[in-house]
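The values are calculated or read from the model by the stated rules, or taken from the named source; none is laboratory data. Just so you know, these numbers come straight off a predicted model, no measurement behind them. Using ideal geometry, Cβ is built from the backbone for each residue, glycine included, and neighbour counts are taken over all protein chains shown. Just so you know, the surface numbers come from the protein's heavy atoms only, side chains and all, with ligands and any DNA or RNA stripped out. Shrake-Rupley method; radii C 1.70, N 1.55, O 1.52, S 1.80 Å.
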Amino acid sequence: MDFFGVLTMLGGLALFLYGMETMGNGLEKLSGGRLERILEKLTSNPIKAVLLGAGVTAVIQSSSATTVMVVGFVNSGIMKLTQAVGIIMGANIGTTLSGFVISLSSLNINLYASLLAFVGIMMTFFNNDNVKKTGGILCGLGLMFVGLESMGSAFSGESAIIDSVKHAFEVVDFPLLLILIGMAFTGIIQSSTATTSLVIIMVGAGAMRVDSGLFVILGTNIGTCVTAIIASIGTNTNSRRTAFFHLLFNVVGTVVFTVIIWIFRDQVVWILSHLGGPQWQIAWFHFAFNLITTAMLLPFIKQFVKVTEFVVRDKPTKKEDDFRFRYIDDRLLSTPPIAVAQVQKEIMYASELAKENLELS
């Protein structure tokens, strides 16, 4: 194993994650809270919920961030469980855009990406807020490609890391093990996009076969649920149901696709081979998986909600629960416009309690 190659890969991954976070934060700031207000005013139309979930996630480039935001909304009473499930489905589709962005690294645009990062960082020195925010977006996008270039360099040429990784995946070339690897790695770093980027880089470099990459991608869809599950700890019943639905949705989709690919492995790879190079094949598969899973399960939202309600039962309420925060949630601090509105609701609720107490006294 090439130790310096591993360090290069990890450094590139760190730079990629930082660039992704910088770009997402810049896009969210530039939106001025409009994305969150759109989600807040969401109707119960499932198709509209899916489209909005996909749109918001495509902008902020993080399905985990969208899901955590939704968990916070449900916990604060802004959104109902039936609305949340549609957004989560859409978030899974929206996050696949990152796969296509990552695949652009195969077009040798890294020199322009470095220039983009430089221009973006220069723009952050301006006094104009909008220019600063736009600069942050450009800088983040550029750093993503620079990070991808750094990861790719670890697998370039006759690097020993290619042979090591290739041999490792030949040893564990069993679908369930590959899925488990995708789950574990994504759960640890809490970013399916980062795992997807590594798979795309390794497949493009020949360190991993396309069919093996497909099973790892399936595992990332389950691993990404860890973030929402952690966010739901200590929340109300509906918030925990939202996190459980996210897990249930991805598990069902993964099981269905695992069976199909396991049986028709060669045929699936043959179909994907007509969609471009190895990197684009992984990106298209990631998109197809989430789109088909959503289309397949969308008509059964009510049934899935019933299953979720059956598994995550209501707890008996206690009298002291009436005197706890009902609308304020720490998860909403990342979306200030929504947080301020919730504080106003909390003040009104506290005022009603104070009035009731005064009348009783």
* Asked: Taking into account only those residues within segment 321-337 that are part of a helix (DSSP H, G or I) and closer than 16 Å to THR235 by Cβ, which is modelled with the lowest pLDDT?
  -> ASP321
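Conditions (1) at pLDDT below 80; (2) touching a strand residue (DSSP E or B) at 6+ places or on another chain (Cβ under 6 Å); (3) surrounded by 21 or more Cβ atoms within 10 Å (Cβ to Cβ), marked per residue:
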| site | (1), (2), (3) |
| --- | --- |
| MET123 | no, no, no |
| ASN127 | no, no, no |
| CYS139 | no, no, yes |
| MET144 | yes, no, yes |
| PHE169 | yes, no, no |
* Only one residue in PHE185, PHE215 is in contact with a Ser or Thr (Cβ under 9 Å, 6 or more places away or on another chain), of a type in the set (Phe, Trp, Tyr), open to solvent by 40 Å² or more (accessible area, probe 1.4 Å) and in a helix (DSSP H, G or I). Which one? -> PHE185
* Asked: Exactly one of (1) at pLDDT below 80; (2) open to solvent by less than 10 Å² (accessible area, probe 1.4 Å); (3) more than 19 Å from the chain's Cα centre (by Cα) is unmet by PRO175. Its number?
  -> (1)
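Consider THR293 carefully, then state whether it is at pLDDT 85 or above and either closer than 18 Å to MET79 by Cα or open to solvent by less than 100 Å² (accessible area, probe 1.4 Å) (or both).
Values: at pLDDT 85 or above: yes; either closer than 18 Å to MET79 by Cα or open to solvent by less than 100 Å² (accessible area, probe 1.4 Å) (or both): yes.
For THR293, the condition - at pLDDT 85 or above and either closer than 18 Å to MET79 by Cα or open to solvent by less than 100 Å² (accessible area, probe 1.4 Å) (or both) - is met.
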* segment 225-252, residues that are of a type in the set (S, T, N, Q) and under 23 Å from GLN303 (Cβ atoms) -> SER232, ASN236, THR237, ASN238, SER239, THR242, ASN250
* Taking the condition at pLDDT 65 or above, surrounded by 18 or more Cβ atoms within 10 Å (Cβ to Cβ) and within 19 Å of THR186 (Cβ to Cβ), does SER76 pass? -> no
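Within segment 299-316, can one find any residue that is among the basic types (Lys, Arg), open to solvent by 70 Å² or more (accessible area, probe 1.4 Å), under 26 Å from the mean Cα position of the chain (by Cα) and modelled with pLDDT under 85?
At the first step, the residues of segment 299-316 found to be among the basic types (Lys, Arg) are 302, 306, 313, 315.
So of that shortlist, the ones also open to solvent by 70 Å² or more (accessible area, probe 1.4 Å) come out as 302, 306, 313, 315.
Add one more test, that the residue is under 26 Å from the mean Cα position of the chain (by Cα), and what stays is 302, 306.
Still in the list and also modelled with pLDDT under 85: 302.
Checking segment 299-316: at least one residue is among the basic types (Lys, Arg), open to solvent by 70 Å² or more (accessible area, probe 1.4 Å), under 26 Å from the mean Cα position of the chain (by Cα) and modelled with pLDDT under 85.
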* To do: Scan segment 239-265 residue by residue and report those that are more than 18 Å from CYS225 (Cα to Cα) and in contact with an Asp or Glu (Cβ under 8 Å, 6 or more places away or on another chain).
  => ILE261, ARG265
* **Residue that is surrounded by the most Cβ atoms within 10 Å (Cβ to Cβ), among those in segment 231-261 that are in contact with a Phe, Trp or Tyr (Cβ under 9 Å, 6 or more places away or on another chain) and over 15 Å from LYS306 (Cα atoms)** => SER232
* To do: Just need a number here: residues in segment 188-212 that are within 14 Å of the chain's Cα centre (by Cα) and open to solvent by less than 40 Å² (accessible area, probe 1.4 Å).
  => 7
* Return the pairs, sorted by first residue and then second, in which the second residue is in a loop (DSSP other than H, G, I, E, B), the first residue lies in segment 209-232 and is of a type in the set (S, T, N, Q), the beta carbons are less than 7 Å apart, and the residues are 6+ apart or on different chains. => SER212/ASP173; THR227/GLN190
